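J.: Please see the structure below; I have some questions.
The values are calculated or read from the model by the stated rules, or taken from the named source; none is laboratory data. Since the structure is predicted, the reported quantities are computational estimates derived from the model, not experimental observations. Quick reminder, even Gly has a Cβ in these numbers, built from the backbone with ideal geometry, and neighbours come from all protein chains shown.
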Amino acid sequence: MLSIGTTRRAQRGMLREWRLHALSVFSLAVAFVCLGAALLVVTNLRAVEDRWAHAGRVSVYLKDSISTPDVEALKSALTATAGVKSVRYISSGQARQDFAQTEKKNLAGLSQEAFPSSIEVEVQPDMADAELTEMVTKLEKLPGVDEIETYQAWTDRLARLVRGGVAASGILALVVFASVLAVVGSTIRLALQRRRTEVEVLKLVGATDRFIKGPFLVEGSAQGAMGAMGALALLATLFFLVKGRLDGELSSLIGVEPSFLPWPIALGMVGVGAVLGALAALLGLRRLVAV
Amino acid sequence: MPRFDDQDDAQESRPFRPLLRQGPRFARDAAARPILMFEDVYKSYRPGAPVLRGMNLVIERGEFVFITGPSGSGKSTLLRLLYRSETVDEGRILFMGRDIARLKDDSVPFLRRNIGVIFQDFKLVKTWSVFENVAITLEVLGLPQRLIKARVGEALERVGLAGRGSDAAGVLSGGEQQRVAVARAIVGEPALILADEPTGNLDPQLAIDILGLFEEIHESGTTVLFATHDRSLLDVRSRRLIVLDEGKAMDVAMGIAPAEEGYDNELPL
């Protein structure tokens, strides 16, 4: 059990060997920055994926040959479909005009086919994928419909990217685990060697192995936790610096506001650092000084 | 387990002593037995060259015993066997009725809480303060800080270092460092004090001062085993003297005028 005495002795040990511990914390922070950065990317990619997976939009591009009554019939049919929130017809000319206004460019060189007329269908966000697919299948069979864009391909690509990111994070996590074990283990073995007399004295006055190991475990745990916290602080600084520079451009591009690591993940990183640090210290203390 | 679960104010004025775990072989009449009994003890570090060869020795409670002998005679080995830094090859060492050699590893710390050990090289943590070096003995026992402060203060006063608690141990003189080591050994009020050449690094006058300190400790009822090969110290005080020679212990009376008592005062040193 962690007692006040153990914590006090650990604190004393860390203060006396602060250079050694600072070096260890810095090394761990570098390792955790890699893991944290990967998690940050994955978290934001997942948010983008979620955003586009529930985009709630379907663009029905129409053939040039479609007649106005057919368009109206199609609009009426879509409006009456369950799960459809709104239906809006955008003519070819309006599409060209909208694009020119948004991009502030002269589009005189572009042909008329570049901006097909379309019906923008807004569906309920909770509409089931199966219902949406069924609706798209039915629409595709209509003679006036040229192409339908549900943004599913974009979402699939994002999902693949997220899976890749998760795999990369997993590998990085293993690298971090190994580095925590190596760095903390070495630091604790070195600290044990430097405090050899202290351990001898403790054994001579009747300290149990648990009493002797306690402070070293606390030190290892603190190193792991501080390494993770240092990494989070560094990442947060960089994240908010970059986010401030982009000034909303990124969010309008990807459709979501980039966010920092959620609290549970950040706290999890610190917790994992603490547990791994204690484990590494325990492994480093397998052979105590014999007295 | 140490029996310090229910400390109260009354305990501050009461002598306390950590207990050995009783175990299944505990004998209730142990208190009436000698504090130490060596029974046919053998110990060797190299095959064919035993340091102790069937040594027999009995030490009663409250005795002050000098242990002497030439270098390599086994003085330090004898003490190391007592605080279980080494184990016997054969024979038994009974400390307060329990066989030290049969103690399990996890019982050794509880044995050591009953023994104060002092070394020639002091074995102090130089980066710790005097207070911290002494207090560690009581911290191990889990005593509350208030009690530790009081006990350490008393111990430092006994060794003549009152008010020096905040000094770094590393900056003290040799004599002062040895006094800190003595304070560390006595602060837990152990049943037995083992001193392994405690004056070996000190000049003659300091050595006599330190010996006086051990005698004061002995006067409070603590059994003291004082290993030394310093003949001048043996001549200063009349105490029981055990000479280790050829792996065996011999009682030699000394320090008392031969003419008066008729003892042969010749030591095989």
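J.: Given the conditions (1) within 30 Å of A:SER67 (Cβ to Cβ); (2) within 14 Å of chain B (Cβ to nearest Cβ); (3) among the hydrophobic types (A, V, I, L, M, F, W, C), report the number of the one that A:VAL145 does not fulfil.
T.: (2)
J.: Report the residue count in segment A:67-100 for those that are closer than 19 Å to A:SER111 by Cβ and either among the aliphatic types (A, V, I, L, M) or in a helix (DSSP H, G or I) (or both).
T.: Applying the first criterion (closer than 19 Å to A:SER111 by Cβ) to segment A:67-100 yields A:90-100.
Narrowing the set further to residues that are either among the aliphatic types (A, V, I, L, M) or in a helix (DSSP H, G or I) (or both) leaves A:90, A:92-100.
Going through segment A:67-100 one residue at a time, the tally reaches 10.
J.: Using the structure shown, decide if B:GLU176 is more than 10 Å from chain A (Cβ to nearest Cβ), of a type in the set (Asp, Glu) and touching a residue at least 40 places away in the same chain (Cβ under 8 Å). Step through it out loud before you land on a result.
T.: Values: more than 10 Å from chain A (Cβ to nearest Cβ): yes; of a type in the set (Asp, Glu): yes; touching a residue at least 40 places away in the same chain (Cβ under 8 Å): no.
Judged against the criteria, B:GLU176 is not a match.
J.: Something else: If you take the residues in segment A:169-215 that are surrounded by fewer than 16 Cβ atoms within 10 Å (Cβ to Cβ) and of a type in the set (A, V, I, L, M, F, W, C), which one is farthest from the other protein chains (Cβ to nearest Cβ)?
T.: A:ILE171
J.: If I go through segment A:20-50 residue by residue, how many of them are farther than 30 Å from A:VAL166 by Cα and away from chain B (no Cβ under 14 Å)? It would help to see each step written out before you state the result.
T.: Going residue by residue through segment A:20-50, those that are farther than 30 Å from A:VAL166 by Cα are A:20-22.
From the residues that got through so far, the ones that are away from chain B (no Cβ under 14 Å) too are A:21-22.
So the answer is 2.
J.: Among residues belonging to segment A:98-116 that are of a type outside the set (D, E, K, R) and under 38 Å from the mean Cα position of the chain (by Cα), point out the one that is modelled with the highest pLDDT. If you could, list the steps in order and put the result at the bottom.
T.: Taking segment A:98-116 first, the residues of a type outside the set (D, E, K, R) are A:99-102, A:106-112, A:114-116.
Imposing the further condition that a residue be under 38 Å from the mean Cα position of the chain (by Cα) reduces the set to A:99-102, A:114-116.
On the way: A:PHE99: 78, A:ALA100: 78, A:GLN101: 77, A:THR102: 70, A:ALA114: 77, A:PHE115: 83, A:PRO116: 87.
That would be A:PRO116.
J.: Then there's this: Taking segment A:120-173 as the region of interest, how many residues are of a type in the set (Asp, Glu) and either outside any helix (DSSP H, G or I) or in contact with a Pro (Cβ under 7 Å, 6 or more places away or on another chain) (or both)?
T.: Taking segment A:120-173 and keeping what is of a type in the set (Asp, Glu), we get A:120, A:122, A:126, A:129, A:131, A:134, A:140, A:146-147, A:149, A:156.
If we keep only those that are either outside any helix (DSSP H, G or I) or in contact with a Pro (Cβ under 7 Å, 6 or more places away or on another chain) (or both) as well, we get A:120, A:122, A:126, A:146-147, A:149.
Of the residues in that region, 6 qualify.
J.: Condition check: within 21 Å of B:GLY62 (Cα to Cα), under 18 Å from the mean Cα position of the chain (by Cα), within 14 Å of chain A (Cβ to nearest Cβ) and crowded, with 20+ Cβ neighbours inside 10 Å. Does B:ILE115 satisfy that?
T.: On the way: within 21 Å of B:GLY62 (Cα to Cα): yes; under 18 Å from the mean Cα position of the chain (by Cα): yes; within 14 Å of chain A (Cβ to nearest Cβ): yes; crowded, with 20+ Cβ neighbours inside 10 Å: yes.
So B:ILE115 fits the description; yes.
J.: Criterion first (surrounded by fewer than 17 Cβ atoms within 10 Å (Cβ to Cβ) and hydrophobic (A, V, I, L, M, F, W, C)) does A:LEU161 satisfy it?
T.: Numbers: surrounded by fewer than 17 Cβ atoms within 10 Å (Cβ to Cβ): yes; hydrophobic (A, V, I, L, M, F, W, C): yes.
Yes; evaluated as a whole, the condition is true for this residue.
J.: If the requirement is being part of a helix (DSSP H, G or I) and either closer than 27 Å to A:ALA153 by Cα or not aliphatic (A, V, I, L, M) (or both), which of these qualifies: A:ASP64, A:ASP50?
T.: Working: A:ASP64 fails: part of a helix (DSSP H, G or I).
Unique residue meeting the criteria: A:ASP50.
J.: Ok, one more. Do we find that B:PHE110 is within 8 Å of another protein chain (Cβ to nearest Cβ) and not β-branched (Val, Ile, Thr) in this structure?
T.: Yes, satisfied.
J.: Something else now. Is it true that some residue in segment A:224-238 is assigned by TED's automatic domain parsing to the domain that holds A:ALA274, touching a Gly at 6+ places or on another chain (Cβ under 8 Å), among the hydroxyl-bearing types (Ser, Thr, Tyr) and within 23 Å of A:SER24 (Cβ to Cβ)?
T.: Within segment A:224-238, none of the residues are assigned by TED's automatic domain parsing to the domain that holds A:ALA274, touching a Gly at 6+ places or on another chain (Cβ under 8 Å), among the hydroxyl-bearing types (Ser, Thr, Tyr) and within 23 Å of A:SER24 (Cβ to Cβ).
J.: Suppose the filter is more than 11 Å from chain A (Cβ to nearest Cβ) and more than 26 Å from B:VAL182 (Cβ to Cβ); does B:VAL130 pass it? Quick ask: steps written out before the conclusion?
T.: Working: more than 11 Å from chain A (Cβ to nearest Cβ): yes; more than 26 Å from B:VAL182 (Cβ to Cβ): no.
Spelling it out, it is not the case that B:VAL130 is more than 11 Å from chain A (Cβ to nearest Cβ) and more than 26 Å from B:VAL182 (Cβ to Cβ).
J.: Looking at A:GLU200, A:GLU257, A:GLU249, which one is within 30 Å of B:ARG113 (Cβ to Cβ) and of a type in the set (Asp, Glu)? It would help to see each step written out before you state the result.
T.: Numbers: A:GLU257 fails: within 30 Å of B:ARG113 (Cβ to Cβ); A:GLU249 fails: within 30 Å of B:ARG113 (Cβ to Cβ).
Selected residue: A:GLU200, the only one of A:GLU200, A:GLU257, A:GLU249 that is within 30 Å of B:ARG113 (Cβ to Cβ) and of a type in the set (Asp, Glu).
J.: So, in segment A:272-286, exactly how many residues are surrounded by 19 or more Cβ atoms within 10 Å (Cβ to Cβ) and either modelled with pLDDT under 90 or among the aliphatic types (A, V, I, L, M) (or both)? Walk me through it before giving the result.
T.: First, the residues of segment A:272-286 that are surrounded by 19 or more Cβ atoms within 10 Å (Cβ to Cβ): A:272-274, A:276-281, A:284-285.
Narrowing further to those that are either modelled with pLDDT under 90 or among the aliphatic types (A, V, I, L, M) (or both): A:272, A:274, A:276, A:278-281, A:284-285.
Residues meeting the conditions: 9.
J.: Within segment B:188-207, restricting attention to residues that are outside any loop (DSSP other than H, G, I, E, B), more than 14 Å from chain A (Cβ to nearest Cβ) and closer than 17 Å to B:ASP121 by Cβ, which residue is modelled with the lowest pLDDT?
T.: Of the residues in segment B:188-207, the ones outside any loop (DSSP other than H, G, I, E, B) are B:192-196, B:204-207.
If we keep only those that are more than 14 Å from chain A (Cβ to nearest Cβ) as well, we get B:204-207.
Adding the requirement that they be closer than 17 Å to B:ASP121 by Cβ leaves B:206-207.
Details: B:LEU206: 84, B:ALA207: 87.
Going through the qualifying residues, I end up with B:LEU206.
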